[in-house]
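Below is one structure, written out as structure tokens, with a few remarks after it.
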Amino acid sequence: MRAYTLGEWGVSGEDPGLIQDIAKAINGQYSAIACYEKLARLAPTEEERRQIMEIRQDETNHYREFYQIYVRLTGQQPQIAVEPCPDDYKEGLEFALKDEQNTVDFYLEIADKARDPAIKKAFTRAAQDEQNHAVWFLYFWTNHCRCRCKQP
Ligand SMILES: [Fe+2]
Ligand SMILES: [Fe+2]
């Protein structure tokens, strides 16, 4: 197993699989930031737009936090690749809702696997934010469908 140098954290002792998961989490965060920017522009009301931008700010905070963790664990910067996201508002909400739900589970798995308490805490707290985001997207989706998806 490759040994990672941790700087102030000392030798990490973290599983290489965990490092890969953190890299995947960073990509997910980067993609969510781009996706929510697009969704905010498509939002039908100012209130929704503002809430989506607040969610986007949370994702930016997660991105920065995970990025720092990755650099401290590996001494390297992660490779970033953006995942696509729908151009249609309703499809975008569904995409975001499912992605947030899946991300909750993924981050809790990372928190379980990590040995470092700081990593456990960062991912547990981010999972709580994602759960909250999922509820917001479900609310917007329900509103959107109540207003626009009914047949006349
Ligand atoms: Fe996030
Ligand atoms: Fe989120």
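Read the figures in this text as sums done on the coordinates, not as results from a lab. Given the structure is predicted, the values throughout are model-derived calculations rather than measurements. FYI the Cβ positions are ideal-geometry reconstructions off the backbone, even for glycines, and counts take in every protein chain you see.
General remarks:
- Spatial separation of Cα centroids for the range 7-80 and the range 110-132, in angstrom: 13 Å
- Volume per residue of the C-alpha convex hull in the range 14-134, rounded to whole Å³: 86 Å³
- Computed over the chain, the per-residue total of -39500 (n - 2.57) for DSSP H runs of n ≥ 4 gives a 222 nm mean residue ellipticity of -26500 deg cm²/dmol, rounded to 500.
- What the Cβ-Cβ distance of Cys147 and Glu83 gives, at R0 = 25 Å and to the nearest 0.05, is a FRET efficiency of 0.30.
- Extended-chain gain in nm, criterion 0.36 nm per residue less alpha-carbon gap, Arg41 and Asp105: 20.2 nm
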